[in-house]
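**Q** I have a structure here, written as structure tokens, and I will follow up with some questions on it.
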Amino acid sequence: RAENIEQAIQHYQQALKVYTEKDFPADWAMTENNLANAYSDRIRGDRAENIEQAIQHYQQALKVRTEKDFPADWAATENNLATAYWSRIRGDRAENIEQAIQHYQQALKVYTPKGFPNRCRGTSYRLGNLLLEVQRYSPAADAYSIGMEAAEELYRASIFQASREAELAETRDLYRRAGYALAKSNKLREAAVALER
């Protein structure tokens, strides 16, 4: 696995020799995003430095992947950047968390329950978990609520029993966490409803 990631990094760096921002902006941005993903997953090297590299490459990708021109790609990179800030070792922890929250919220502008339900569920779940970690219970409950809406879209779209069971398995923790966040926000009735759902 470690060697495979090193190979991926080398190949992405090779691709960037041709995929320049000027000549192939969309391909350049995609490669920058993929290179950032590789650095996020990198096993070798200093973990803190790998995360810094990932953040730099995600920020590079966002020069081209704008909300206006490439909304889905922009949201994916925003989501990835949020996760990198959440994992960040360097810098002020509180500031890194604020950055992560902002980037997850940005991604959710595009990742809506109806438009991108699967990605919405994942992003809102991670945002809720982060907000729960810093004891912001009401905003966490709001994030989980968006995730539950997306989960219900996915469940309704499931045709076969096996796919419905898979969707339920994927979301079971979401409702429990939402119930907890709501209870901590003194919204006990809503907490009970979330847990029942």
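What follows draws every value from the coordinates through simple rules; no lab data is involved. Fair warning: this is a prediction, and the values are worked out from it, not measured in the lab. Heads up, the Cβs are rebuilt from the backbone with ideal geometry, glycines too, and the neighbour counts pull from every protein chain shown.
**Q** When only Cα pairs under 8 Å and 6 or more residues apart are kept, what is the percent relative contact order across region 1-65?
**A** Values: 66 pairs, mean separation 23.6, N = 65.
Computed over region 1-65, the figure is 36 percent.
**Q** Among the trypsin sites (Lys or Arg not before Pro) in region 62-92, which ones are in a DSSP loop with at most 15 other Cβ atoms within 10 Å of the Cβ? Mind listing them?
**A** Details: sites: LYS63, ARG65, LYS68, ARG88, ARG90; in loops: LYS63, ARG65, LYS68, ARG88, ARG90.
Those that pass, being in a loop and sparsely packed, are LYS63, LYS68, ARG90.
**Q** Could you give the nm distance between label points at ARG164 and GLU49, where each point is 7 Å from its Cα heading toward the beta carbon?
**A** Each label point is offset 7 Å from its Cα along the Cβ direction, giving 5.4 nm.
**Q** Measure off 7 Å from each Cα along the Cα-to-Cβ vector at LYS63 and VAL134, then give the distance between these two points in nanometres to one decimal.
**A** Simple spin-label model gives 2.8 nm for this pair.
**Q** Through the Karplus equation 6.51 cos²θ - 1.76 cosθ + 1.60, θ set to phi - 60°, convert the phi angles of region 161-167 into ³J(HN,Hα) values in whole Hz; use x for Gly and Pro.
**A** Once θ is set to phi - 60°, the couplings for region 161-167 become 4, 5, 6, 5, 5, 5, 5 Hz.
**Q** Sticking with this structure for a sec: Which order, highest average first, do 134-147, 94-107 follow once you tally other Cβ atoms within 10 Å for each residue and take the mean per peptide?
**A** Output ranking for 134-147, 94-107: 134-147, 94-107.
**Q** Just to confirm the number: angle between the C-alpha axis of helix 117-133 and the first principal axis of the chain, 0 to 90 degrees, nearest 10?
**A** The helix 117-133 is inclined about 80 degrees to the chain.
**Q** What is the distance, in nm, between label points placed 7 Å from the Cα along the Cα-to-Cβ direction at GLN105 and at ALA72?
**A** Going by the 7 Å Cα→Cβ label model, 2.7 nm.
**Q** Here is a further query. Of the listed values (i) 18.0; (ii) 22.8; (iii) 18.7, grab the one calculated as Kirkwood radius over Cα pairs in Å from the structure here.
**A** Given (i) 18.0; (ii) 22.8; (iii) 18.7, the structure-derived one carries the label (i).
**Q** Still on this structure: How would you rank 14-27, 150-163, highest first, on the average number of other Cβ atoms within 10 Å across their residues? Intermediate values should be presented prior to the final figure.
**A** Numbers: 14-27: 13.1, 150-163: 14.7.
Descending packing order for the listed peptides: 150-163, 14-27.
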